[in-house]
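The values are calculated or read from the model by the stated rules, or taken from the named source; none is laboratory data. Because the structure is predicted, anything quoted here is derived from the model rather than measured. Glycine gets a Cβ as well: all are built from the backbone with ideal geometry, and neighbour counts include every protein chain shown.
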Amino acid sequence: MRKIIVAGLSGGAAMNIAMLLTFRTIGFGWDGRGILLTSSLQSHKLIAVWTEIEPLPLVVNTPLPIIAGMLLFGILHAYIYTHVSVAWPQGVTQRSMRMTGLIFVMTYLFWEFFTPFNQFGEPLLLIALELFFWAIIAFAEAVTITTIMEKKKK
């Protein structure tokens, strides 16, 4: 159980860092001038949700609960890993790629389809950019979890 918690917290930290480097730095920008808010293609509804309609998303004004939640998701993903990885080929690379796919499809692909596409009318080109960001995030988390979980017991 200790290994699951360590792997999960580490994976959650990797997820948070990857989100910072993708969505915050490029997508929304440190000053609110990232491509996802300034593109002429962007849905006005999505821009309003992130910048105008009160209350703004927690991640904008009070990010700590979201950061903590991502750490908890990391623990959950590490726990899931212990159950599904037994059916996967041996090796960190093979298992990392499968875990990346699992996280990406079950979480991020669903999210982009259901919320930005469905609710906000975000254009497909920007959704593709966000899916690229999510793939990086899923990969960072999966590699971290897999690497820790696959370390041999001493």
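Here are a few things to note about the model shown:
- Members of region 84-106 that are within 20 Å of ASN16 (Cα to Cα) and in contact with a Phe, Trp or Tyr (Cβ under 8 Å, 6 or more places away or on another chain): SER96, MET99, THR100, PHE104
- When SER96 is tested against the conditions (1) touching an Asp or Glu at 6+ places or on another chain (Cβ under 7 Å); (2) buried (at least 19 other Cβ atoms within 10 Å of the Cβ), the lone failure is (1).
- Number of the condition not met by ILE136 [criteria: (1) without any contact (Cβ under 8 Å) to a residue 40 or more places away in the chain; (2) of a type outside the set (Lys, Arg); (3) surrounded by fewer than 20 Cβ atoms within 10 Å (Cβ to Cβ); (4) within 30 Å of LEU41 (Cβ to Cβ)]: (1)
- Of the listed requirements (1) modelled with pLDDT of 95 or more; (2) surrounded by fewer than 19 Cβ atoms within 10 Å (Cβ to Cβ); (3) under 20 Å from THR22 (Cα atoms); (4) in contact with a Ser or Thr (Cβ under 9 Å, 6 or more places away or on another chain), VAL60 misses just one: (1).
- Scanning region 12-56 for residues that are surrounded by 14 or more Cβ atoms within 10 Å (Cβ to Cβ), in a loop (DSSP other than H, G, I, E, B) and either free of Cβ contacts under 8 Å to residues at least 60 places away in the same chain or of a type in the set (Val, Ile, Thr) (or both) turns up GLY29, GLY34.
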